[in-house]
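Chemist: Encoded as structure tokens, here's the structure I'll be asking about.
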Amino acid sequence: MNSGLRLYDTAARAVREFTPVSPGRVSLYLCGATVQAAPHIGHLRSGVNFDIAVRWLRSHGYQVTFVRNVTDIDDKILDVARREEVPWWAVAERNQRAFSHAYQVLGCLPPDLEPRATGHVPQMIALIRRLVERGHAYAAGGSVFFDVSSCPTYGALSGQRVEHMRAAGDTESVEAKRDPRDFVLWKAAKPGEPAWDTPWGPGRPGWHLECSAMATAYLGETFDIHGGGLDLVFPHHENEIAQSRAAGYGFARYWLHNGLVSTAGEKMSKSLGNSLAITEVLRKVRPAELRYYLGQAHYRSLIEFSPDALAEAAAAYRRIEGFVTRAAEVAPSAPGSLETLPRAFAAALDDDLGVPQALAVVHDAVRAGNNALAAGDTAGLGLSLAAIRGMLGVLGLDPLAEPWGVAVPAGDTAHLRGVVDALVGVALEQRAAARERKDYAAADAIRDRLRAAGVVVEDTPHGPRWELKQ
Ligand SMILES: [Zn+2]
């Protein structure tokens, strides 16, 4: 059945109707991090973009299996370990943890599976053996290489002709290769580096091989969507396709690539590089605001980072958040559902995940909702709020839902919120009494002391309201 969803497939260079291999199910593999350093906002853009994709697929009723790998063995990880004089696995573990934390902080739902490369060496050996047997790979100089000339469609994904290609970027046993464009599947062991035994000698996996082995291990020989950043199209994804097709697998049916975050126009300096680390950016904006910033552009577009654009995005999110929290005080609502989503919003996301158009629908609805709020139209407000929360839920931005919601209905948070609410209420009553007797100095002093404690009071036609500020 036609779901109405259309996605831009890099391999087809066109927007295609999305039809999964198995009705009602979607299998999605996303290239995750090579954990050599803590994440910066470019890494998390991919996380947010594909989180929205997964949420939208689930809104369609698909049962989604989302796999995002971790590359925990790599030249760069070994370099960091050597520099820091710590074990390679300590570097991988530390940074994987930082990534997991950042995904969680930005409200990205955890993948169904997060396989690590080093946990899948047997599957990789089986894939290499298959490629050698079928005449697509050869062992040389202790390494195993993929024979690019054996794959007539090599270059199709990235739109290159083999005769114009340069040598593969890997540096393993270059002199042992039959053709400089051949890429390494398995790297010969070097002294002092971790190695696993294989029929071709000890060594460690090549990056491209890892993803083919892990994707097919969990999603099958043919699966629906393979995602990653635009910088992975060549050589990583080109090589994944070559290996997997040469092994006789159908592999991914749709290739989705998110655009990158660039710092062009800014001086490329070390300090700028660090300033885009997630931990640094989160000193300037709250996690939900950063998520809004990274998710608001179309996933295929380039985001040119600028502090102004980040601040604008944060302000735009605060406008939405302000409406939702105010409206929820007047007209209680449950999180929305697919049925309550405005058609224009659904149509925007169905059109290759058009988040900018979808957000325009959200902002229009917020304007209408604010009018209903000002007019005291509680019924209209309730409808607006349900629709807006439904839309924000799909984007992972509902201020009242996990993980942003302060009004968590259970546990200590709710209890503490009640206590704080009562205490602030007492202070606000005293402030009102001071104003009544025209003692504005005392009234202002109460407000200032609350502000110093992180409680910001705002006077509205419905009386004073307060919120916690960082
Ligand atoms: Zn990959």
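The values are calculated or read from the model by the stated rules, or taken from the named source; none is laboratory data. Note that the structure is a prediction, hence the values are computed from the model and not measured. Cβ: placed from backbone, ideal geometry, glycine included. Neighbour counts: every protein chain shown. These accessible areas exclude ligands, DNA and RNA; they are computed on the full protein's heavy atoms, side chains included. Shrake-Rupley method; radii C 1.70, N 1.55, O 1.52, S 1.80 Å.
Chemist: What does the accessible area of residue 462 come to, in Å² to the nearest 10, when a probe of 1.4 Å is used?
Modeler: It works out to around 140 Å².
Chemist: Excluding residue 15 itself, what net charge comes from residues whose Cβ is under 9 Å from its Cβ, given Lys and Arg +1 and Asp and Glu -1?
Modeler: Spelling it out: positives minus negatives among the neighbours equals -2.
Chemist: If Lys and Arg each add +1 and Asp and Glu each add -1, what is the summed charge of the other residues whose beta carbon sits under 12 Å from the beta carbon of residue 282?
Modeler: Details: positive: 283, 284, 286, 291; negative: 280, 289.
Net of charged neighbours comes to +2.
Chemist: Same structure, new question: Under 18 Å between C-alpha atoms is the cut-off here; go through the chain and count lysine pairs that meet it, provided they're at least eight residues apart or on different chains. Intermediate results must be reported in sequence, preceding the final value.
Modeler: Numbers: 76/187; 76/190; 76/270; 177/187; 177/190; 284/469.
Number of lysine pairs found: 6.
Chemist: By how many nm would the segment from residue 440 to residue 460 grow when fully extended, if each residue of separation counts as 0.36 nm and the alpha-carbon distance is taken off?
Modeler: Details: separation 20, 0.36 × 20 = 7.20 nm, distance 1.77 nm.
Length gained between residue 440 and residue 460: 5.4 nm.
Chemist: Please provide three numbers in whole Å: the alpha-carbon extents of region 199-255 along the principal axes, with the largest listed first.
Modeler: Cα extents, longest axis first: 36, 25, 18 Å.
Chemist: Take the alpha carbon gyration tensor of region 328-410, find the square roots of its eigenvalues, order them as a ≥ b ≥ c, and report rounded if a/c is under 1.5; if not, report prolate when a/b exceeds b/c, else oblate. Before the final figure, lay out each step's value.
Modeler: Numbers: a/c = 2.12, a/b = 1.25, b/c = 1.70.
Here region 328-410 falls in the oblate category.
Chemist: With angles folded into 0 to 90 degrees, how steeply does helix 41-59 sit against the dominant principal axis of the chain? Use alpha carbons for both and round to 10.
Modeler: So the inclination is approximately 80 degrees.
Chemist: Would you mind working out the accessible area per residue for region 74-142, using a 1.4 Å probe, and quoting it in Å²? Write down the numbers at each step before the final one.
Modeler: Values: 3600 Å² over 69 residues.
Normalised by residue count, the accessible surface of region 74-142 is 52 Å².
Chemist: Further question on the same structure: Pairs of alpha-carbon atoms within less than 8 angstrom and 6+ residues apart define the contacts here; what relative contact order does region 92-250 have, in percent? Please report the intermediate quantities before stating the final value.
Modeler: Details: 188 pairs, mean separation 39.5, N = 159.
Averaging sequence separation for qualifying contacts and normalising by length gives 25 percent for region 92-250.
Chemist: Tell me the angle of helix 411-436 to the major Cα principal axis of the chain, expressed in degrees between 0 and 90 and rounded to the nearest ten.
Modeler: That helix lies at roughly 30 degrees to the long axis.
Chemist: What's the magnitude of the charge dipole for the chain around its Cα centre, counting Lys and Arg as +1 and Asp and Glu as -1 at the beta-carbon? Answer in Debye, nearest 20. Each step should come with its number before you reach the end.
Modeler: Values: 50 positive and 54 negative charges, 64 e Å.
The calculation lands at about 300 debye.
Chemist: Stretch residue 304-residue 368 to full length: gain in nm at 0.36 nm per residue minus the Cα-Cα span? Before the final figure, lay out each step's value.
Modeler: Values: separation 64, 0.36 × 64 = 23.04 nm, distance 3.14 nm.
Fully extending the segment from residue 304 to residue 368 adds 19.9 nm.
Chemist: Something else: Which percent, to the nearest 5, of DSSP beta bridges fully inside region 202-355 are antiparallel? Don't skip to the end; give the middle numbers.
Modeler: On the way: 0 of 9 bridges.
Roughly 0 percent of the DSSP beta bridges within region 202-355 come out antiparallel.
Chemist: Can you give the FRET efficiency to the nearest 0.05 for residue 12 and residue 59, using r as the Cβ-Cβ distance and R₀ = 25 Å? Intermediate values should be presented prior to the final figure.
Modeler: Details: r = 24 Å, r/R0 = 0.98.
The calculated FRET efficiency here is 0.55.
Chemist: Please give me the summed charge of the neighbours of residue 163: other residues whose Cβ is under 12 Å from its Cβ, Lys and Arg +1, Asp and Glu -1. Show your work: numbers first, answer last.
Modeler: Values: positive: 161, 166, 181; negative: 179.
Cβ neighbours under 12 Å give a net charge of +2.
Chemist: Could you compute the FRET efficiency for residue 101 and residue 360, with r as their C-beta to C-beta distance and R0 at 41 Å, rounded to 0.05? Provide the component values of the computation, followed by the final result.
Modeler: Details: r = 32 Å, r/R0 = 0.78.
The computed FRET efficiency comes out at 0.80.
Chemist: I'd like the accessible area for residue 177, computed on protein heavy atoms only with a 1.4 Å probe and all protein chains in place. Round to 10 Å², please.
Modeler: Its heavy atoms expose roughly 20 Å² to the probe.
Chemist: Would you mind telling me the antiparallel percentage of the DSSP bridges in the chain, rounded to 5?
Modeler: 50 percent
Chemist: May I ask for the angle, rounded to the nearest 10°, between helix 287-296 and the longest principal axis of the chain, with both axes built from Cα atoms and the value confined to 0 to 90°?
Modeler: 60 degrees
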